[in-house]
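J.: Below you will find the structure I want to go over with you.
The values are calculated or read from the model by the stated rules, or taken from the named source; none is laboratory data. No experiment lies behind these values; they were computed from the predicted model shown. Glycine also receives a Cβ, built like all others from the backbone with ideal geometry; neighbour counts cover every protein chain displayed. In case anyone asks, the SASA skips ligands and DNA or RNA and just uses the protein heavy atoms, side chains included. Shrake-Rupley method; radii C 1.70, N 1.55, O 1.52, S 1.80 Å.
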Amino acid sequence: MNTIRLSLSGMSCAGCVSRVETALNDVAGVISASVNFAEHTATIQGDVPVARLIDAVGNTGYGAAELKGVEDEGEKEAAEMAHYRKLLQKAAVAAAIGVPLFVLGMGGLLPSLDTDGGRLFWFIVGGLTLGVLVYSGGHFFTGAWKSARHHNANMDTLIALGTGTAWIFSMVIIAWPDWVPLSAQHAYFEAAAIIIALINFGSALEMRARGKTSEAIKRLIGLQPKTARVIRTGVEMDVAIDEVRLDETLRVRPGERIAVDGDIIEGHSSVDESMLTGEPVPVQKQQGDPVVAGTINKLGTFLFRARRIGKDTALAQIIEMVRAAQSSKPAIGRLADKVSSIFVPTVLIIAVLTFLAWSNFGPSGQASTLAVVTTMTVLIIACPCALGLATPISIMVGVGKAAEFGTLIRNGDALQQAGRLDTIVLDKTGTVTEGRPSVTRLVSTGDWKQDELLRWAASIEQGSEHPLAEAILDAANDRQLTLLDAEGFTAIAGRGVVASVQGRRVLLGNRQLMRENDVETAVVEEVAAALTQKAQTPVFVAVAGDMAGVIGIADAIKGDSHAAIRRLQGLGLKVVLLTGDNKATADAVAQQVGIDQVFADVLPQDKAAKVASLQQQGERVGMVGDGINDAPALARADVGFAIGTGTDVAIESADITLMRGSLHGVPDAINISRQTVRNIKQNLFGAFVYNTLGIPVAAGVLFPFVGILLNPMIAGGAMAMSSLTVVSNANRLRFYKPGAES
């Protein structure tokens with residue numbers, strides 16, 4: 001299945017979204033299509049020729065072009081900047097005509113229509129205003145015509161009808177002033193010009209503000225270097241990034257960004273992965289370690305072999321994941337789109353009713369004039385731009401902000417649902433704990449020193465593949481201990497290992513191994529019991545029949561797990577530990593991190609059932625796991641959080657991927673979700689209230705009571721500013737900082 005992105009042109013309101021989405025979804029081979037009004041893009045999943053998709057968009061009256069890569073994104077951004085400058089220019093031209101007319105009119109300095117000179121003046125003004133409508137407002141009329149040809153109506157329809165009616169009515173008044181009483185002889189050229197100026201200016205400001213919402217994507221794209229230094233036939237050379245081939249050897253020098261994903265084959269260094277994981281501390285890298293495209297090499301130089309290139313790199317996958325999430329819609333957004341799709345036709349009906357009401361029941365001598373003014377005001381103020389921007393603009397900022405801190409949200413529904421969770425289920429191994437055993441304590445007896453005890457233990461474990469052996473060898477390596485030669489290595493299943501070192505028989509294993517070989521363990525039993533109570537495994541070491549000491553090994557709890565769990569509880573969430581380990585170990589871990597409810601001895605295939613049982617109790621459940629063994633439970637949960645790394649972000653079973661591997665990503669995601677949904681609701685409330693209150697006032701419901709009619713120019717300004725308000729409110733999310741609990 002392919003993912004295709006299109007850049008869209010001609011969309012002017014939320015009503016356009018529904019029509020374009022419907023047209024794309026109707027194309028054979030399309031599995032899903034989502035239109036982002038804030039970004040003016042469409043994301044299509046399916047196997048279908050791009051040309052067919054572009055034709056489908058064209059048949060609805062809009063334009064489309066494929067977005068293939070970074071170059072196309074740059075062209076799109078440049079085109080938007082050019083459009084921004086053009087809108088400002090159009091606004092200035094319209095204002096140059098409208099503002100002087102408005103000021104002179106307010107001062108009573110404009111000639112009346114009852115003289116030949118006055119009528120000539122107004123004919124000239126009418127011609128200039130027509131020029132404004134053509135130059136500054138031509139795109140509204142063109143858009144309205146295209147929509148009409150396809151039996152649609154959109155924001156352009158409302159603006160074109162409103163300003164066009166004002167101009168035609170004014171020209172009729174000038175040509176045949178005797179048709180209306182002297183008190184009603186007023187030309188509305190200044191209203192038409194200023195409305196065009198205000199809407200263009202508001203659109204320009206909105207576009208400028210919208211550009212800030214996609215800064216997360218721009219920063220991610222900016223992480224990709226343009227060139228890479230490869231070694232071919234023994235010669236180092238710089239090549240374009242898209243010329244790098246799989247399994248090629250690349251060199252990275254200090255301060256350079258890593259070009260593609262790969263594995264170090266020579267050298268060592270520290271790498272700053274903060275822009276991908278949110279983790280500020282550089283990561284030490286040596287031979288065999290993976291490196292990720294877009295991260296920064298700090299001090300050393302090294303060679304690495306390209307393992308993933310192009311769209312397969314972790315960075316490319318992150319960009320696509322963030323982009324797809326920004327283009328997706330939560331349930332609350334789909335509701336807004338449905339409302340918007342019927343909004344414009346409804347407004348047109350209200351405008352017709354307004355005209356008829358004022359024409360038939362308006363004040364004598366002013367009915368026709370007031371009918372035109374109120375109808376024009378209704379058309380102008382009712383444009384549902386703010387309604388269409390309310391959801392996608394907040395989603396874009398929220399998803400982008402989460403990505404900055406190493407939390408990748410796959411879709412809008414996950415973003416909305418995360419803030420509604422009331423229970424978080426945590427897998428133990430690799431989630432609360434490090435996921436690999438490590439030596440936590442060394443206790444020696446008699447004349448044995450700790451380093452010697454560890455040295456002898458590691459020496460006989462050289463031939464073992466047991467996870468506990470790996471922990472002992474890692475500890476010896478960390479202390480830079482020189483190992484001894486071991487002979488006669490024998491592994492005893494369920495007990496431990498036996499070998500000879502320097503002619504002395506060494507036993508390493510559990511209590512049962514010691515008892516079977518008549519080794520007295522009383523001297524270390526108190527220590528062993530204490531280790532067991534702390535969920536640590538005691539490993540006994542005996543040399544030549546005497547107890548040498550005990551080594552405590554445990555899957556260590558991550559340093560920040562306790563703090564992250566306290567944050568979750570502070571957000572009002574119930575936290576549950578779910579593990580396949582025995583109850584004693586699970587209870588010990590839960591006690592250390594502050595978890596009250598524990599499900600232990602749970603097989604991987606039964607974890608999903610535990611999540612389902614919590615859901616059946618009416619709880620909204622989030623599951624946090626490693627995305628592999630926990631895949632069924634992650635998929636079953638209302639929101640699945642996968643503990644991932646910067647080199648493995650494509651975990652299909654999870655809704656949200658925590659790239660840092662830290663549980664702090666969970667409260668961060670929940671906070672961002674809550675703030676984003678709150679922001680969406682604020683935007684929708686403001687947009688609905690604006691239109692709900694604005695349309696009746698524009699139609700003149702206050703006139704019979706207080707004699708007030710809304711000026712069409714004020715309506716135009718209010719409509720333009722409503723969209724800018726929504727975008728500005730969404731951009732407040734950009735100032736979110738992790739740990740800002742809500």
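J.: From Leu133, Leu161, Leu87, which residue is surrounded by 14 or more Cβ atoms within 10 Å (Cβ to Cβ), under 20 Å from Val372 (Cβ atoms), of a type outside the set (Val, Ile, Thr) and modelled with pLDDT of 85 or more? Give the steps one after another, and end with the answer.
T.: Working: Leu161 fails: modelled with pLDDT of 85 or more; Leu87 fails: under 20 Å from Val372 (Cβ atoms).
So the residue among Leu133, Leu161, Leu87 that is surrounded by 14 or more Cβ atoms within 10 Å (Cβ to Cβ), under 20 Å from Val372 (Cβ atoms), of a type outside the set (Val, Ile, Thr) and modelled with pLDDT of 85 or more is Leu133.
J.: Follow-up question, since we're still on this one. For segment 559-567, state whether one or more residues are part of a loop (DSSP other than H, G, I, E, B) and modelled with pLDDT of 90 or more.
T.: Taking every residue of segment 559-567 in turn, none turns out to be part of a loop (DSSP other than H, G, I, E, B) and modelled with pLDDT of 90 or more.
J.: Applying the selection to segment 147-164, what residues are within 24 Å of Leu88 (Cα to Cα) and either in contact with a His (Cβ under 7 Å, 6 or more places away or on another chain) or in a helix (DSSP H, G or I) (or both)?
T.: Within segment 147-164, Met155, Asp156, Thr157, Leu158, Ile159, Ala160, Leu161, Gly162, Thr163, Gly164 qualify.
Okay, residues lined up against (1) farther than 24 Å from Asn731 by Cα; (2) in contact (Cβ under 8 Å) with a residue 60 or more places away in the chain; (3) open to solvent by 30 Å² or more (accessible area, probe 1.4 Å):
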| position | (1), (2), (3) |
| --- | --- |
| Gly29 | yes, no, yes |
| Ser34 | no, yes, no |
| Phe102 | yes, yes, yes |
| Met106 | yes, no, yes |
| Ser112 | yes, yes, yes |
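J.: Okay, moving on. For the structure I just gave you, tell me whether Glu525 is farther than 26 Å from Leu663 by Cα, without any contact (Cβ under 8 Å) to a residue 40 or more places away in the chain, open to solvent by 20 Å² or more (accessible area, probe 1.4 Å) and part of a loop (DSSP other than H, G, I, E, B). Step through it out loud before you land on a result.
T.: Working: farther than 26 Å from Leu663 by Cα: yes; without any contact (Cβ under 8 Å) to a residue 40 or more places away in the chain: yes; open to solvent by 20 Å² or more (accessible area, probe 1.4 Å): yes; part of a loop (DSSP other than H, G, I, E, B): no.
For Glu525, the condition - farther than 26 Å from Leu663 by Cα, without any contact (Cβ under 8 Å) to a residue 40 or more places away in the chain, open to solvent by 20 Å² or more (accessible area, probe 1.4 Å) and part of a loop (DSSP other than H, G, I, E, B) - is not met.
J.: Name the residues in segment 572-609 that are polar (S, T, N, Q) and free of Cβ contacts under 8 Å to residues at least 40 places away in the same chain, would you? Steps first, please.
T.: Within segment 572-609, the subset polar (S, T, N, Q) is 579, 582, 585, 591-592, 597, 605.
Once the filter is applied, which keeps residues that are polar (S, T, N, Q) and free of Cβ contacts under 8 Å to residues at least 40 places away in the same chain, segment 572-609 yields Asn582, Gln591, Gln597, Gln605.
J.: So, one more: Given the residues Phe189, Phe169, which is the only one that is open to solvent by 20 Å² or more (accessible area, probe 1.4 Å) and modelled with pLDDT of 80 or more?
T.: Working: Phe189 fails: open to solvent by 20 Å² or more (accessible area, probe 1.4 Å).
That would be Phe169, the only listed residue that is open to solvent by 20 Å² or more (accessible area, probe 1.4 Å) and modelled with pLDDT of 80 or more.
J.: Does Asp422 satisfy being open to solvent by 10 Å² or more (accessible area, probe 1.4 Å) and within 30 Å of Lys558 (Cα to Cα)? Show your work before the answer.
T.: On the way: open to solvent by 10 Å² or more (accessible area, probe 1.4 Å): yes; within 30 Å of Lys558 (Cα to Cα): yes.
Here the answer is yes, as Asp422 does meet what is asked.
J.: Out of (1) open to solvent by less than 60 Å² (accessible area, probe 1.4 Å); (2) out of contact with any Leu (no Cβ under 6 Å at 6 or more places or on another chain); (3) within 25 Å of Leu198 (Cβ to Cβ); (4) touching a residue at least 24 places away in the same chain (Cβ under 8 Å), what's the single condition that is false for Ala82?
T.: So the condition that Ala82 fails would be (4).
J.: Another question, then. Check Ile54, Ile124, Ile97 and return the single one that is hydrophobic (A, V, I, L, M, F, W, C) and in contact with a Leu (Cβ under 6 Å, 6 or more places away or on another chain). Working first, answer last.
T.: Working: Ile54 fails: in contact with a Leu (Cβ under 6 Å, 6 or more places away or on another chain); Ile124 fails: in contact with a Leu (Cβ under 6 Å, 6 or more places away or on another chain).
The unique qualifying residue is Ile97.
Yes/no per residue for (1) buried (at least 18 other Cβ atoms within 10 Å of the Cβ); (2) under 25 Å from Asn671 (Cα atoms):
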residue: Arg567; (1), (2): yes, yes
residue: Leu578; (1), (2): yes, yes
residue: Asp606; (1), (2): no, no
residue: Val611; (1), (2): yes, yes
residue: Gln617; (1), (2): no, yes
residue: Ala635; (1), (2): no, yes
residue: Ile643; (1), (2): yes, yes
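J.: While we're looking at this one, here's another question. Mind listing whichever residues of segment 222-244 are open to solvent by 30 Å² or more (accessible area, probe 1.4 Å), touching an Asp or Glu at 6+ places or on another chain (Cβ under 7 Å) and of a type in the set (Val, Ile, Thr)?
T.: Initial filter on segment 222-244 (open to solvent by 30 Å² or more (accessible area, probe 1.4 Å)): 222, 224, 226-227, 229, 231-238, 240-243.
Checking which are touching an Asp or Glu at 6+ places or on another chain (Cβ under 7 Å) leaves us with 227, 229.
Answer for segment 222-244, where residues must be open to solvent by 30 Å² or more (accessible area, probe 1.4 Å), touching an Asp or Glu at 6+ places or on another chain (Cβ under 7 Å) and of a type in the set (Val, Ile, Thr): just Thr227.
Every residue, every condition in (1) in a helix (DSSP H, G or I); (2) within 17 Å of Ser561 (Cβ to Cβ), yes or no:
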| position | (1), (2) |
| --- | --- |
| Thr585 | yes, yes |
| Gln591 | yes, yes |
| Ala612 | yes, no |
| Val624 | no, yes |
| Pro632 | yes, no |
| Ala635 | yes, no |
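J.: Right, something else. If you go through segment 350-369 one residue at a time, how many are touching a residue at least 60 places away in the same chain (Cβ under 8 Å) and not in a helix (DSSP H, G or I)?
T.: Residues in segment 350-369 being touching a residue at least 60 places away in the same chain (Cβ under 8 Å) and not in a helix (DSSP H, G or I): 2 in total.
J.: Given the conditions (1) assigned to a strand (DSSP E or B); (2) surrounded by fewer than 20 Cβ atoms within 10 Å (Cβ to Cβ); (3) at pLDDT below 85, which single one is not true for Gly430?
T.: It fails just one condition, (1).
J.: Please name all residue pairs, on different chains or six or more residues apart, with Cβ atoms under 9 Å, provided the first residue is in segment 389-416 and is on the phi > 0 side of the Ramachandran plot and the second residue is of a type in the set (Lys, Arg).
T.: What qualifies is Gly406/Arg660.
J.: Also, quick follow-up: Just checking, does segment 456-468 include any residue being without any contact (Cβ under 8 Å) to a residue 40 or more places away in the chain, assigned to a helix (DSSP H, G or I) and open to solvent by 60 Å² or more (accessible area, probe 1.4 Å)? Don't jump to the end; show me each part of the working.
T.: First pass over segment 456-468, keeping only residues without any contact (Cβ under 8 Å) to a residue 40 or more places away in the chain: 458, 462-467.
Next, from what is left, pick out any that are assigned to a helix (DSSP H, G or I): 458, 467.
After this cut, where a residue has to be open to solvent by 60 Å² or more (accessible area, probe 1.4 Å) as well, the list is 467.
Checked segment 456-468: at least one residue is without any contact (Cβ under 8 Å) to a residue 40 or more places away in the chain, assigned to a helix (DSSP H, G or I) and open to solvent by 60 Å² or more (accessible area, probe 1.4 Å).
J.: Out of curiosity, is Ser394 outside any helix (DSSP H, G or I), in contact with a helix residue (DSSP H, G or I) (Cβ under 9 Å, 6 or more places away or on another chain), modelled with pLDDT of 80 or more and open to solvent by less than 40 Å² (accessible area, probe 1.4 Å)?
T.: Values: outside any helix (DSSP H, G or I): no; in contact with a helix residue (DSSP H, G or I) (Cβ under 9 Å, 6 or more places away or on another chain): yes; modelled with pLDDT of 80 or more: yes; open to solvent by less than 40 Å² (accessible area, probe 1.4 Å): yes.
No; evaluated as a whole, the condition is false for this residue.
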